[in-house]
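Enquirer: Below: one structure in structure tokens.
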Amino acid sequence: MSGRTLYDKLWDAHLVREDANGTALLYIDRHLVHEVTSPQAFEGLRLAGRKPWRTASILAVPDHNVPTTHREGGVEGIEDPVARIQVETLDHNCEEFGITEFHMDDARQGIVHVIGPEQGATLPGMTVVCGDSHTSTHGAFGALAFGIGTSEVEHVLATQCLIQKKSRNMQVRVEGELGPGVTAKDVVLAIIGEIGTAGGTGHAIEFAGSAIESLSMEGRMTVCNMAIEAGARAGMVAVDQKTIDYVAGRPFAPTGELWERAVADWRRLVSDADARFDRVVTLDAGAIRPQVTWGTSPEMVVPVDAAVPDPEQESDAVKREGMRKALAYMDLEPGTPVTSIRLDKVFIGSCTNSRIEDLRAAAAVVRGRKVAANIRQALVVPGSGLVKQQAEAEGLDRVFLEAGFEWREPGCSMCLAMNADRLEPGERCASTSNRNFEGRQGAGGRTHLVGPAMAAAAAVSGHFVDVRTLSES
Amino acid sequence: MKAFKTLDGLVMPLDRSNVDTDAIIPKQYLKSVKRTGFGPNLFDDWRYLDPGEPGQDHGKRRPNPDFVMNQPRYRGASILLARENFGCGSSREHAVWALEDAGFRVVIASSFADIFFNNCFKNGVLPIVLDAAILDLLFRETEANEGYRLRVDLEQQTITRPNGETIHFEVDEFRKYCLLNGLDDIGLTLQHADEIRAYEDRRRREAPWLFEF
Ligand code: SF4
């Protein structure tokens, strides 16, 4: 018998039952809940007279809709009445069913995918689900983590299980050393550029290779976060010493003798040497340059020193038409050097890049510089209240504020623009988030995805610039 | 859940790949705590010329005459044709609720994003994957013939074209069974409650730290 992949191991350990046709019941260890995709699930539960199966497995937090300014008024102070109702509904549901929730005024509040790992609520070897596609983030811990729809949220609440079919195994290896100034965000954008946004559909992706191993836990989370943008519901990285060190001492992590047992178990969470993958893709880390998306799909990406591509060079008719539509929406001409694209706004935040390491990387570029005159707004939105505190303790808030950035309260913010933070029609933004879809950051808004240092460099330059040249100056 | 057996429906072509869930239902409508009422905002950014906000009277907005959904010949369509990677992006089930609310019960594409695909089955909407070449043919026929209809038979797993020719499609056995019978899968899972408890007991011994918070 050949060895098992990390995904195989996680799958096997959570299998409650499996039918002859492969339909399985998978047990869920951790259920993260936020305000946008849960109200209808709780309502369904109530209508059917059901109760959550295991309340202790659930951790809830409002993040998508919360304002990032003026939190003094609490929930009642949320100006948008529809958003307020949604946050209140989450509060009521958690109270009614006895679910742990980090309320809006709690320092632990933040983006659900930032706070899970931060609290040790995400542990290696777990199955983690959330009504949010970027749940793949938690796979960085050697966990099986994926997003689910609201009906599935209700299903997990009621049964602690999901009905699943096993995905195929895919491995993406990034081998070699990353060049200076090249970050986890560039790695994952380069991967998506290579395999396409449907490249991982039907697969669980394990990210491996020396360049992935060299990444910090924050960097691994950035990579796994965008597995969904490559079409894979789950992305993951094997457990190593870094994983264990990161988890140690976190509030929800085991302690004492239980910790020792857990660690011994977690060390097995790697793919066996003779494990078989259905598909393997290998990238050369040394060839990856800082990336910038030019279109309306994350696969529409080029290195910062390249130009906007020409649809006429594309042989596939459907793709060509997609490129034309994207260029029209983005108001870009083929052949335009990326570094000459001028920007109106800059957003540093989101579950992709709002952790302390991201803020440090951005601040290092910003320090001693000013936001360029043509930038109407430059926002920094920390991923959680604790990230914010940490950054303030390091003086990063001063660096940003002195340069002309705004320093906000934690939440999803302009990643999806459900609150007041958004692009106006036609505005162009360098964003550290994960989706450049039409209207994602506000109707008519134009999004270019980049890493935090590249976003910071764009903010102080007014246009894209290769951060590697900037830091030398 | 609504059962799905057969459907004889008007076809609407949406000739784009990577149609994402933000395009299907923009974020401002996700603030609703209900499952219904999303239909008027399906494809909102493409469908209207003026920006939309929840609670607006959508009848008073300016429809975009170039968008396929506003062409009179596709009024009442219940089958949507699209290209690859349909439903990519966020997990929002609101995307399926919006399609369903607007009258669509079948979506045909060359591939779907996994979460969206899953969400369809939970809401009585049938997503069908067809070969790009067959899809091309259906796009051509739909555009060339006003009033073009297809008959979808889930039991037989067939799509019948107006000329009587049938196209076979694949569907997962369990999902087909649930959809044909309109079954609530929570109820089905709870029939295995003893197995879930037995799993928990075993797991609690093997990995007690997972039950300690
Ligand atoms: S930060 Fe953006 S991508 Fe992440 S959970 Fe929030 S809305 Fe989703």
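The values are calculated or read from the model by the stated rules, or taken from the named source; none is laboratory data. What you see is a predicted model, and the numbers here were worked out from it, not measured in a lab. Every residue, glycine among them, receives a Cβ derived from its backbone with ideal geometry; neighbour counts consider all protein chains shown.
Enquirer: Looking only at the stretch B:86-117, which residues are on the phi > 0 side of the Ramachandran plot, within 12 Å of another protein chain (Cβ to nearest Cβ) and modelled with pLDDT of 95 or more?
Expert: Passing the criteria: only B:GLY87.
Enquirer: Of the residues in the stretch A:431-447, how many are away from chain B (no Cβ under 11 Å) and away from the ligand (no atom under 16 Å from the Cβ)?
Expert: 1
Enquirer: Being basic (Lys, Arg) and over 28 Å from A:PRO425 (Cβ atoms) narrows it down to one of B:LYS122, B:LYS31, B:LYS27, so name that one.
Expert: Details: B:LYS31 fails: over 28 Å from A:PRO425 (Cβ atoms); B:LYS27 fails: over 28 Å from A:PRO425 (Cβ atoms).
Of the residues listed, the single one that is basic (Lys, Arg) and over 28 Å from A:PRO425 (Cβ atoms) is B:LYS122.
Enquirer: With surrounded by fewer than 16 Cβ atoms within 10 Å (Cβ to Cβ), touching a Pro at 6+ places or on another chain (Cβ under 9 Å) and under 21 Å from A:LYS388 (Cβ atoms) as the only criterion, which of A:GLY110, A:GLY77, A:GLY98 stands out?
Expert: Values: A:GLY110 fails: surrounded by fewer than 16 Cβ atoms within 10 Å (Cβ to Cβ); A:GLY98 fails: under 21 Å from A:LYS388 (Cβ atoms).
Checking each option against the conditions leaves just A:GLY77.
Enquirer: Specify which of the listed residues (A:ASP466, A:ASP358) is away from chain B (no Cβ under 14 Å), touching a residue at least 24 places away in the same chain (Cβ under 8 Å), surrounded by fewer than 24 Cβ atoms within 10 Å (Cβ to Cβ) and within 21 Å of A:ALA190 (Cβ to Cβ). Don't jump to the end; show me each part of the working.
Expert: Values: A:ASP358 fails: surrounded by fewer than 24 Cβ atoms within 10 Å (Cβ to Cβ).
Residue meeting the stated conditions: A:ASP466.
Enquirer: Go through A:ARG422, A:ARG428 for me and flag whichever is over 18 Å from the mean Cα position of the chain (by Cα), farther than 26 Å from A:VAL75 by Cα and either away from chain B (no Cβ under 14 Å) or within 15 Å of the ligand (Cβ to nearest atom) (or both).
Expert: Going through A:ARG422, A:ARG428 in turn, just one is over 18 Å from the mean Cα position of the chain (by Cα), farther than 26 Å from A:VAL75 by Cα and either away from chain B (no Cβ under 14 Å) or within 15 Å of the ligand (Cβ to nearest atom) (or both): A:ARG428.
Enquirer: If A:GLY125 satisfies every condition in (1) within 14 Å of the ligand (Cβ to nearest atom); (2) within 13 Å of chain B (Cβ to nearest Cβ); (3) over 16 Å from the mean Cα position of the chain (by Cα) but one, which is the exception?
Expert: Failing condition for A:GLY125: (1).
Enquirer: Ok, one more. Just to check your reading of the model, which residue among B:LEU99, B:LEU80 is under 16 Å from the mean Cα position of the chain (by Cα), within 26 Å of A:VAL33 (Cβ to Cβ) and of a type outside the set (D, E, K, R)?
Expert: The conditions single out B:LEU99.
Enquirer: Run A:ALA107 past the list (1) in contact with a helix residue (DSSP H, G or I) (Cβ under 6 Å, 6 or more places away or on another chain); (2) more than 9 Å from every other protein chain (Cβ to nearest Cβ); (3) under 23 Å from A:LEU416 (Cβ atoms); (4) of a type in the set (A, V, I, L, M, F, W, C) and report the number of the one that doesn't hold.
Expert: Only one criterion is unmet by A:ALA107, namely (3).
Enquirer: Counting just the residues of the stretch A:380-417 that are over 16 Å from the mean Cα position of the chain (by Cα) and among the small types (Gly, Ala, Ser), which one comes out farthest from the ligand (Cβ to nearest atom)?
Expert: Among residues in the stretch A:380-417 that are over 16 Å from the mean Cα position of the chain (by Cα) and among the small types (Gly, Ala, Ser), the one farthest from the ligand (Cβ to nearest atom) is A:GLY395.
Enquirer: Could you tell me which numbered condition B:GLY147 fails, if it satisfies all but one of (1) touching a Gly at 6+ places or on another chain (Cβ under 7 Å); (2) loosely packed, with under 14 Cβ neighbours inside 10 Å?
Expert: Only one criterion in (1) touching a Gly at 6+ places or on another chain (Cβ under 7 Å); (2) loosely packed, with under 14 Cβ neighbours inside 10 Å is unmet by B:GLY147, namely (1).
Enquirer: Can you name every residue in the stretch A:243-285 that is charged (D, E, K, R) and touching a Lys or Arg at 6+ places or on another chain (Cβ under 8 Å)?
Expert: Filtering the stretch A:243-285 for residues charged (D, E, K, R) gives A:245, A:250, A:257, A:260-261, A:265, A:267-268, A:272, A:274, A:276, A:278-279, A:284.
Once the filter is applied, which keeps residues that are charged (D, E, K, R) and touching a Lys or Arg at 6+ places or on another chain (Cβ under 8 Å), the stretch A:243-285 yields A:ARG268, A:ASP272, A:ASP278, A:ARG279.
Enquirer: Looking only at the stretch A:372-390, how many residues end up being crowded, with 23+ Cβ neighbours inside 10 Å and assigned to a loop (DSSP other than H, G, I, E, B)?
Expert: 4
Enquirer: State all residues of the stretch A:206-232 that are closer than 13 Å to A:ALA143 by Cβ and in a loop (DSSP other than H, G, I, E, B); if no residue qualifies, say none.
Expert: Within the stretch A:206-232, none qualify.
Enquirer: Inside the stretch B:130-213, counting only helices (runs of 4 or more DSSP H) that do not spill past its ends, which hold 2 or more residues that are in contact with a Leu (Cβ under 9 Å, 6 or more places away or on another chain) and touching a residue at least 40 places away in the same chain (Cβ under 8 Å)?
Expert: Details: elements: B:132-144, B:173-181, B:185-190, B:193-206.
In the stretch B:130-213, the matching helices (runs of 4 or more DSSP H) lie at B:132-144, B:173-181.
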